[in-house]
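The values are calculated or read from the model by the stated rules, or taken from the named source; none is laboratory data. None of the values given here were measured: they were computed from a predicted structure. No Cβ is skipped: glycine too gets one built from the backbone with ideal geometry, and neighbour counts run over all protein chains shown.
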Amino acid sequence: MKKRWFFAGAAGLLAALFLGCVLAVGRSTQWFGLELLAQGASPQWTFERQVTWDPELSSVEGLRIFWGDGPVSVVPCEGTMITVTEYADRPLEKEECLELTSSGGVLKIQWDHSLLPLSMFQGLKKRLEVKVPPAILSQLEVFSCGSASGKVDVTGVTAQEVEVASSAGDLYLLSLQGEKVRLSTVSGEVQWTQGRAEELSLTTTSGQVRLSQVQAGVCGLSTVTGEVHFQGSGRELSVNTISGQVYLDVTGGLEEADLRSVSGGLSLTLPEQAAFQAAYSSMSGRFRSEFPGTEEEGTFLCRTGGASLRFTTTSGNMAVHRQKGA
């Protein structure tokens, strides 16, 4: 019996020592490289290729970008030339280099020289940087930028029609303006600071949405699980979500709002002097208002009524808040 306990104790000690060694080696090697694999190691952009375009020789009234696997940035620059630079982690073959063409005043930047970005499926990653003079960037007829999986950064664009999309990458937008603006991503985050859109359409599946200092006329936001944060002015707002939480801080101009959710909460913040009439329905969620008013079953009237609000959920709560410090 004593021998059995002795061998059992020795085996347990050896196992503990082995586990300790494994943990020590794992920590020192970032868990045998699995941590880097999970995070996705950033490529080393050792290759650089630059192409320029002279708008004085061939006018640019629109800009379209079709990119594969890798980040894209579009920013204003000094000077009169448009500079397009691609980066890669290895030297590129001729057919792997970007293609720069123009048709009808629209400058097109494409991932490579093939009809489909086939090199992307072979593991090639590239980064794109487009520098455009502000005089051109601020008065485009059309601007579109799409990336299959990379992050997209856009600054200082004003166009009649704007479309920015990425399947898995984040969208970071600054001082973006357009008559019609369409933004879309699947799992990426959308951050838009300072801008204006007469018609705004934004769709995402699981990415978080954060819009700050944005002026929108007709605004439609759609998500499945991602949170929605909106701060700015809007005339007609509609939000559809399944389980994402919705936080809207509308500074003025609101005439209509239609907010729908299954399990996510709906929160709308309005100025102190706002007047509205709200209709709400839910199976188990509750409605509350920080504004004084009269409430009947399924309706709430603040002052003489103004903006028309509709809240619809299955189990999510619904609330109308006063802006702090107002």
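What to note about this one:
- Looking only at residues in the range 275-298 that are in a loop (DSSP other than H, G, I, E, B) and exposed (fewer than 14 other Cβ atoms within 10 Å of the Cβ), the one that is farthest from the chain's Cα centre (by Cα) is 297.
- Of the listed requirements (1) more than 17 Å from residue 158 (Cα to Cα); (2) touching a residue at least 12 places away in the same chain (Cβ under 8 Å); (3) over 26 Å from the mean Cα position of the chain (by Cα), residue 71 misses just one: (3).
- For the range 74-101, filtering for residues that are farther than 19 Å from residue 148 by Cβ and in contact (Cβ under 8 Å) with a residue 60 or more places away in the chain leaves 2.
- Going through (1) surrounded by 17 or more Cβ atoms within 10 Å (Cβ to Cβ); (2) modelled with pLDDT of 95 or more one by one, residue 174 falls short only on (1).
- Residue that is surrounded by the most Cβ atoms within 10 Å (Cβ to Cβ), among those in the range 215-270 that are among the aliphatic types (A, V, I, L, M) and outside any strand (DSSP E or B): 254
- Taking the criterion of being small (Gly, Ala, Ser) and not in a strand (DSSP E or B), the residues of the range 170-208 that qualify are 187, 188, 206, 207.
- The set of residues in the range 91-115 being exposed (fewer than 14 other Cβ atoms within 10 Å of the Cβ) and either over 23 Å from residue 159 (Cα atoms) or not small (Gly, Ala, Ser) (or both) consists of 91, 93, 94, 95, 101, 113, 114, 115.
- Residue check for residue 86: surrounded by fewer than 16 Cβ atoms within 10 Å (Cβ to Cβ) and not small (Gly, Ala, Ser): no
- Taken over the range 156-169, the criterion of being assigned to a strand (DSSP E or B) and surrounded by 18 or more Cβ atoms within 10 Å (Cβ to Cβ) is satisfied by 158, 159, 162, 163, 164, 165, 166.
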